[in-house]
Structure formats: C-alpha cells, structure tokens
Amino acid sequence: MSKTTAAGLMTRYKNYCLQGLGLGFVGLGVIGIALPVMPTTIFFILALACFTHSSQRLEEWLLNHARFGPILHNWQSHKVVPHKAKWLAAIGMSIGLYFMMHSSAPTWAVAIVAVIEALVLAYLAYCPSYPQQPAHRARAIIAVVSAVLFLGECYLMAWLMNKF
C-alpha cells in the first residue's frame, strides 16, 4: 500500500469517527431538550466542531437548522453565547447539582461536579453575549465573581441540607 493510499484511508477513518462523534453529540443535545438538567447547546456546539472538520454537508445541516442554526452560526463566527443560553445553563446546572446533593452520591463527587460547573459558569460569563461586545477586563472579573458565587451557593445548599 502506498503512502498516499494509507494517508487517504486514515483521513477517511478520521472523518467517519468525527461524523459519528458529531451525530452522538446531536443525539445528546436532543436528549437535553427533553431533560431540563442536561445542557443542550454545548452538545450542538461540539457536534458543529466535529462536522466542521469532517463533513461540509452535516455542518451546513446544523448551521441551517431552524432553531439552533442562528446560535451555532454566532458561536462559529464570533464565539457568542446569548444571555438566554447562559441563564438556562446556570439554572440547569444548579438544579442538577441540587438533585445530586440530595442523592446518595459521595461528597467528593458532588464537590468535583460543583467545581466543574463553577468553571463552566465562569467561562460562559466570560463569553460575549452579542457579536459586537468588546473583550475587556470587566468580563473576566464578572466571570470569576460568578464562579465564586456559584461555589458559595453550593456551600449554602450543603449547609442547609445538614440543617434540615
């Protein structure tokens, strides 16, 4: 087998794997529509990343989607996360963490999830909400403060759970 044939075969396999992964992310996004504690938009963003590197047809399908197309186009062009998506993500993460804290999950697992959610929230707060929003230091400060407040909320919920 020549080098060009092997390279073409590897590219084809890589594309198939990325397309399969992207379709899996689309499936998780669809599940997230039905479950309020599971995120939706991030899975469609991950699917778009997979399709961008593997299939122009699937990329265009997502970008032209009636509901998610505009959000994904703004993300791809400007790395914009709308206010509504930020609020829904924060509420969904809080609800999910609340239920996890009331489950039989070990404390260390709840702590890891809380820290990851705080980091995600900080990232979302740092992302611009509309295309023309300039990047500046105030957004970084807001991101850090929102993450600290989220961790404070987690601590307060844990304290209240022990009281009742």
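This table checks each residue for (1) touching a helix residue (DSSP H, G or I) at 6+ places or on another chain (Cβ under 9 Å); (2) assigned to a helix (DSSP H, G or I); (3) without any contact (Cβ under 8 Å) to a residue 60 or more places away in the chain; (4) among the aromatic types (F, W, Y).
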| position | (1), (2), (3), (4) |
| --- | --- |
| L21 | yes, yes, yes, no |
| L28 | yes, yes, yes, no |
| I91 | no, yes, yes, no |
| Y98 | yes, yes, yes, yes |
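Residues checked against (1) more than 30 Å from V113 (Cβ to Cβ); (2) at pLDDT below 90; (3) surrounded by 12 or more Cβ atoms within 10 Å (Cβ to Cβ):
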| residue | (1), (2), (3) |
| --- | --- |
| K3 | yes, yes, no |
| A6 | yes, yes, no |
| M10 | yes, yes, no |
| Y16 | yes, no, yes |
| V26 | no, no, yes |
| G32 | no, yes, yes |
| M38 | no, yes, yes |
| A49 | no, no, yes |
| H53 | no, no, yes |
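Can you spot a residue in segment 69-83 that is in contact (Cβ under 8 Å) with a residue 24 or more places away in the chain, open to solvent by 30 Å² or more (accessible area, probe 1.4 Å) and charged (D, E, K, R)? Yes, the conditions are met somewhere in segment 69-83.
Going by the conditions given, is S129 touching a helix residue (DSSP H, G or I) at 6+ places or on another chain (Cβ under 8 Å), of a type in the set (S, T, N, Q), modelled with pLDDT of 70 or more and assigned to a helix (DSSP H, G or I)? Reasoning before the result, please.
Numbers: touching a helix residue (DSSP H, G or I) at 6+ places or on another chain (Cβ under 8 Å): yes; of a type in the set (S, T, N, Q): yes; modelled with pLDDT of 70 or more: yes; assigned to a helix (DSSP H, G or I): no.
No, not satisfied.
The values are calculated or read from the model by the stated rules, or taken from the named source; none is laboratory data. What you are looking at is a predicted structure, and each value in this text was computed from that prediction instead of being measured. As a convention, Cβ positions derive from the backbone with ideal geometry for all residues, glycine included, and neighbour counts pool all protein chains shown. Ligands, DNA and RNA are stripped out before the accessible areas are found, and what is left, the full protein with its side chains, is counted by its heavy atoms. Shrake-Rupley method; radii C 1.70, N 1.55, O 1.52, S 1.80 Å.
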